[in-house]
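Structure record follows, encoded as structure tokens.
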Amino acid sequence: MSSLTPPARTIDPRGQRLGAGISAVILLVGFLLNAPWLAVLVGVNLSVSAAFGTRFFLPGRAWPVVRSALRLGPPREREHEYPPRFAQALGAIFIGLAAIGFLVVGPIAGWLLVGAVGGLQTLLATTGICVGCQLYVLRWWVPSQFARLFRRADALTAFAPPRIRYIDR
């Protein structure tokens, strides 16, 4: 790794869990209202977050407010940002395929793919198990290419990672 590559960001996994729960609720509301655009909206946000960093995962942005309101301390362990970004990229791909399914095949195909993403988001929110993160950790070819691509993109990006400070009470 070159000296131009910024240090890897670490994140509070609880923020990702909250964001996954909010996303799952939005996907469920989209299904109940038969509003595929809500699913596509979640997919767009997942893709932006996967490309530019988890700080752009809008449902997860509520976590600092919740953490402060509940007076929770810092996480026991922080996690590297790339596994959640990889999981979000997979979710965005599935929702992108669902959007194509809505247009070409029909609503059943679209909602099945959206349901898979919603189910995995629910699993993460309720148990902390991130299937996409576990796939990333297996280190097969695709995650390795993903990490290589985003290490370069992060080094070139104009967005500086936010400084995260925890104040012990």
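Summary of computed values
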item: Qualifying residue in segment 49-60 (condition: over 13 Å from Pro13 (Cα atoms), free of Cβ contacts under 8 Å to residues at least 60 places away in the same chain and surrounded by fewer than 21 Cβ atoms within 10 Å (Cβ to Cβ)); result: yes
item: Qualifying residue in segment 66-73 (condition: basic (Lys, Arg), modelled with pLDDT of 80 or more, over 20 Å from Ser47 (Cβ atoms) and not in a helix (DSSP H, G or I)); result: yes
item: Output for segment 41-59, where each listed residue is among the small types (Gly, Ala, Ser) and at pLDDT 85 or above; result: Gly43, Ser47, Ser49, Ala50, Ala51
item: Of all residues in segment 16-40 being without any contact (Cβ under 8 Å) to a residue 40 or more places away in the chain and surrounded by 17 or more Cβ atoms within 10 Å (Cβ to Cβ), the one that is nearest to Trp111 (Cα to Cα); result: Leu38
item: Residue match in segment 118-135 (condition: within 28 Å of Arg14 (Cβ to Cβ), more than 17 Å from the chain's Cα centre (by Cα) and at pLDDT 95 or above); result: no
item: In segment 34-65, the residues that are among the hydrophobic types (A, V, I, L, M, F, W, C), assigned to a helix (DSSP H, G or I) and in contact with a helix residue (DSSP H, G or I) (Cβ under 7 Å, 6 or more places away or on another chain); result: Leu38, Ala39, Val40, Val42, Leu46, Val48, Ala50, Phe56, Leu58, Ala62, Trp63
item: Filter result for the condition that a residue is out of contact with any strand residue (DSSP E or B) (no Cβ under 8 Å at 6 or more places or on another chain), under 30 Å from Arg148 (Cα atoms) and at pLDDT below 95, over Ala99, Ala62; result: Ala62
item: Single match in Gly128, Gly106, Gly91 (criterion: crowded, with 16+ Cβ neighbours inside 10 Å and either more than 16 Å from Ile26 (Cα to Cα) or in contact with a helix residue (DSSP H, G or I) (Cβ under 8 Å, 6 or more places away or on another chain) (or both)); result: Gly91
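The values are calculated or read from the model by the stated rules, or taken from the named source; none is laboratory data. Remember, it's a predicted structure, so these values are computed and weren't measured experimentally. As a convention, Cβ positions derive from the backbone with ideal geometry for all residues, glycine included, and neighbour counts pool all protein chains shown.
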